[in-house]
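Visitor: Dumping the structure here so I can ask a few things about it.
A short reminder: the numbers here are calculations on the coordinates, not readings from a lab. Computed from a predicted structure; not experimentally measured. Ideal geometry is used to build each Cβ from the backbone, glycine not excepted, and the neighbour counts take in all protein chains shown.
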Amino acid sequence: MNHFYNRSNRLHPSGAVSHDPLLARKVRKVPLGVAVVVLLTVALTFITKGLACPFCSAPQLTLAEQIAQTDAAIIGEWVSGVKPDFDAGTAGSTVYRINKLINSPKNPKLEVGQEITVEGYYPGGKGKFVLILGTLDGELSWMSPLDISDQGFEYVKNAPSPEEAPAKRLAYYVNYLESNDPLIADDAYAEFANAPYKTIASVKKKFPREKLRKWVFSKETPVTRIGLYGLMLGLCGNEQDKKLMEAKVTENDEEFRLGIDGIMAGYLILAGDEGLDVLEKTKLKPSLQTPSKVPFSETFAALQSVKFMWEYGGGRIAPERLRAAQRILLDNPSLADLVIIDLARWEDWSIIDRLKKMYGQAPYDVPAIKRSIVGYLIQCIKQKPTEQGKPVPQYVTKAETFLAELEKKDPKTVKVARLLFR
């Protein structure tokens, strides 16, 4: 379990997550549990875009970050302790001998072998090590110790500092993914979860492919890590991995599979156009049928993987091919507004006639879809050349005419959309 220090100087789990209100309407017709997790997936995937792994759980402070944010950090060995005396009103105390200085202030000066006293009694014995952080505010105040194993001792001792090159840091932490020490495994995962995709991809030659294959398909792997491992396997996998991943992503027998978006993205990295054909056939097109043959969460995961390839694919799949995949979901009322916004961002101006037929017609006669259509037109009109004498593209003229019609027919929606899509 990963931890951070709060003002009370007590270690406790971190679980803060941001939610994206834009998707609240999307999931109101699916089971509550699925809705919550889909919202969570959206927030984790795209709120942190460019800042952290796009298919990882919420970024949290790693041990290295916690150490860097404090004034003192030591690895100490348990020496002795005084148990609390509740009758006397004392909380007890514990003495540790400094075994390693990780971070130390100039004043007061700390030295290896020096003994420090921490408030509160923590049971221990010879050879029991802890990580202790301290803050300096006039005097050095020690926080609650964090027990570490012998393996954890070596892990913390040899870990690169946050100032080291990101790729060098991940090359160290990749060796500790799924460690049998939970503290190490959680922290190594957090290092990857906090890393941008570009940095993760830069160390793909260091990835343990055989282990990744096992982790992606094992029920023993924590589900919150599946997305990362699927992405990593896609970066380093071979033809055999591609076939295994295809079998995995095409399943439709579960209502929700946490991390499947990362596996889909990894599969697209490996399979390219062939993989996108598979996702269209098994996830995107079947979602248009009534009733849908695929769970909403599976369609949404496929959509996210297509968006990932646009942002990070580096031309593995041609832009027009990705646009075409997105256009399929224009016929899906639950996702149409998001798709329209994406196509505007991707400068696909081929759908104006299609949007004109959709506007105000069931089942697309909802505010979110109408606003996204107006936003699309606004962005399209911005493509109008500023140089005198340069011809105006036909799609810009079409957008101007359609928007002028909507100004008269639905001025309220246009006004709101102009505020949202300036």
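Visitor: What residue among Gly313, Gly113, Gly262 has the largest mean-square fluctuation in a Gaussian network model of the chain, using Cα springs under 10 Å?
Guide: Between Gly313, Gly113, Gly262, it is Gly113 that shows the largest mean-square fluctuation.
Visitor: OK, next. With 10 angstrom as the radius, rank Val174, Val79, Val339 by how many other C-beta atoms surround their C-beta, starting from the fewest.
Guide: Exposure proxy ranking, most exposed first: Val79, Val174, Val339.
Visitor: Specify the angular offset, from 0 to 90 degrees and rounded to the nearest 10, of the alpha carbon long axis of helix 260-271 from the longest principal axis of the alpha carbons in the chain.
Guide: Relative to the chain, helix 260-271 is tipped by roughly 70 degrees.
Visitor: If you place +1 on the Cβ of every Lys and Arg and -1 on the Cβ of every Asp and Glu, how big does the dipole about the Cα centre of the stretch 239-327 come out, in debye to the nearest 20?
Guide: Result for the stretch 239-327 is approximately 280 debye, rounded to the nearest 20.
Visitor: Can you give the Kirkwood hydrodynamic radius for the stretch 340-422, in Å, rounded to one decimal and based on Cα pairs? List each step's numbers first, then the result.
Guide: On the way: mean 1/r = 0.0774 Å⁻¹.
Its Kirkwood hydrodynamic radius stands at 12.9 Å.
Visitor: Quick one: what do you get for the stretch 271-399 if you divide its Cα Rg by 2.2 N^0.38 Å?
Guide: On the way: Rg = 15.6 Å, N = 129, 2.2 N^0.38 = 13.9 Å.
Dividing the Cα Rg of the stretch 271-399 by 2.2 N^0.38 Å gives 1.12.
Visitor: Please give the peptides 81-93, 188-200 ranked by average Cβ packing (other Cβ atoms within 10 Å per residue), highest first, as a rough proxy for protection.
Guide: 188-200, 81-93
Visitor: Within 13 Å, Cβ to Cβ, of Leu258, how many net charges do the neighbouring residues add up to if Lys/Arg are +1 and Asp/Glu are -1?
Guide: On the way: positive: Lys219, Arg225, Arg257; negative: Glu254, Glu255, Asp261, Glu298.
Combined, the nearby Lys, Arg, Asp and Glu give -1.
Visitor: From the phi of every residue in the stretch 207-216, what ³J(HN,Hα) in whole Hz does the Karplus formula 6.51 cos²θ - 1.76 cosθ + 1.60 yield, where θ is phi - 60° and glycine or proline is x?
Guide: 5, x, 4, 4, 5, 4, 4, 5, 5, 4
Visitor: For the chain, take the alpha-carbon Rg, divide it by the Kirkwood Rh, and send me Rg/Rh.
Guide: On the Cα set of the chain, Rg over Rh gives 1.09.
Visitor: Moving on. Quick one: of Lys293/Lys409; Lys211/Lys248; Lys384/Lys409; Lys211/Lys293; Lys206/Lys243, which pairs are farther than 26 Å apart, Cα to Cα?
Guide: Lys293/Lys409; Lys211/Lys293
Visitor: Output wanted: per-residue J couplings in Hz (rounded whole) for the stretch 406-422, from phi through Karplus 6.51 cos²θ - 1.76 cosθ + 1.60, θ = phi - 60°, x for Gly and Pro.
Guide: So the J values, rounded to whole Hz, are 5, 4, 7, 7, 9, x, 5, 5, 4, 4, 5, 5, 4, 6, 7, 10, 6.
Visitor: Now for a separate question. Karplus couplings for the stretch 128-144 from phi (6.51 cos²θ - 1.76 cosθ + 1.60, θ = phi - 60°), rounded to Hz, Gly and Pro as x?
Guide: Values per residue, Gly and Pro as x: 8, 10, 9, 9, 10, 10, x, 10, 10, 9, x, 10, 7, 10, 8, 8, 5 Hz.
Visitor: Could you give the dipole magnitude of the stretch 340-422 about its Cα centre, charging the beta-carbon of Lys and Arg +1 and that of Asp and Glu -1, in debye to the nearest 20? Don't skip to the answer; put the middle values down first.
Guide: Values: 16 positive and 10 negative charges, 51 e Å.
The calculation lands at about 240 debye.
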